[in-house]
1. Given Cβ point charges of +1 (Lys, Arg) and -1 (Asp, Glu) and nothing else, what value in debye, to the nearest 20, does the dipole of region 228-377 about its Cα centre take?
2. Taking the beta-carbon count within 10 Å as an exposure proxy, list MET282, MET210, MET66 from fewest neighbours to most.
3. Sort ILE136, ILE73, ILE186, ILE238 by Cβ crowding within 10 Å, fewest neighbours at the top.
4. Using +1 at the Cβ of each Lys and Arg and -1 at the Cβ of each Asp and Glu in the chain, identify which of ASN227, ILE238, MET66 lies farthest towards the dipole's positive end.
5. Rounded, prolate or oblate: which one fits the chain, using the alpha carbon gyration tensor with axes a ≥ b ≥ c (rounded when a/c is under 1.5, else prolate when a/b beats b/c, else oblate)?
6. Amide H to amide H, which residues 5 or more places from ASP220 or on other chains are under 5 Å from it, using H placed in the peptide plane?
7. Sequence gap at least 6, Cα distance under 8 Å: using those rules, report the relative contact order of the chain to the nearest whole percent.
8. To the nearest 20 debye, what charge dipole does the chain have about its Cα centre, counting +1 at the Cβ of each Lys and Arg and -1 at the Cβ of each Asp and Glu?
Amino acid sequence: MSITGDWKRDLLRTLFSRPDEVMLDLGAGGELLVARVRALLSALTLLLPLVAFIGNLGAGSTTELMIGLGASIFINICAQIWLALAGHRRRHGWLPYATTTYDVTTTTLVLGLLHFSDPVAPFNSMVVWCFYLFAIGMTALRNDGRLTLYAGALAIVQYGVLVAVLLTRAQSPDQLVSIEYGTVSIGGQIERLVLMLLMTLLTTTIVYRMQRLIESSGSDGLTGLPNRTWLIQRMPMILESVREDGESLTLALLDLDDFKRINVEYGHLTGARAIRHIAGSMREILHSKERLVRIGGQEFVLLLRCPIGNAWERLDRLRQMMAERPFVPERGGDPLGITFSGGLAAYPSDGNDVSSMLRSADRRLQAAKQEGCNRVVARDV
């Protein structure tokens, strides 16, 4: 019962909470892909009025041709606007909701317009109605469960209202029968609403699984901290945020001194407990928007939003804190003092990306080791 409850809470938390920056960055790429598909489909609509006019050997109404072309041009202008916004370097948080609203509402309007050519068309037209499913399914590429639920709810409500309004406008049962589209049935309309609900649930499940996979790939299983994969994926966005906010950033690469002896003398389970103990101490010095990352067995990275001098002072206090809180390997046993050596790198003077900053920090970490360990080096000797 507890496991089921935890799973449900995790599902709701994942779907209704704001995705992290990695998910949103991937979603921005998905938004661009959807915008390109939308632009292609919109371009094809320019051919439909012309094909229909030629197919009737010019017997079709010129007015209908102009209306069709006008509508297609309007759709293409909108598609190009969405494409330009999706391709913009700056990510717009409102854009996926705006484009999803556009896709769903455009489908509803087209079905409404079909009513004037054949009263049964909005109820039984499969081609146009399937664009509801397209709009819902494409939200999976945006990696946001909230957007999927919004798209599904909007499509179900709009189509349900459209069906209710058109049914009340029918003055006789004969208006619900068509040679081309068949007969309208209430059961058929309910089936469509159920299919839209199922599509929403299926897409929601896909988004949830994608989010969980990305979260697990960027998380350290022992400590729950972000791992090296997370650091590589997230660092470009962190550096962009630092530039925009005009803040300082210092990368601290820390390595535990002679940690192998704990694993040898006390076993790997005790070593795992020691790692969690140390990670807990390191977390305590973090400020807002700062992160602690475990990139290897005994290596950690601290991303500190402060100048390199302040970072050195904070790490020196961390060394004192760890000396005051030694690790106790077993109940009643003697406490073990665990120390670390570190190297610092400042952005952008010591590197303008994660690789160059790690190289600078590692070079200073090695210098700290050579000087006797249990120290932090902020500058090249």
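1. Here the size comes out at about 260 debye.
2. Lowest count first: MET66, MET210, MET282.
3. ILE186, ILE73, ILE238, ILE136
4. Checking the options against the dipole of the chain, the answer is ASN227.
5. prolate
6. LEU225, ASN227
7. Details: 468 pairs, mean separation 50.8, N = 381.
Reported relative contact order: 13 percent.
8. Value, rounded to 20: 560 debye.
All of the numbers you see were taken from the coordinates with simple rules; none came from a lab. Worth saying up front: this structure is predicted, and the values here are computed from it rather than measured. Heads up, the Cβs are rebuilt from the backbone with ideal geometry, glycines too, and the neighbour counts pull from every protein chain shown.
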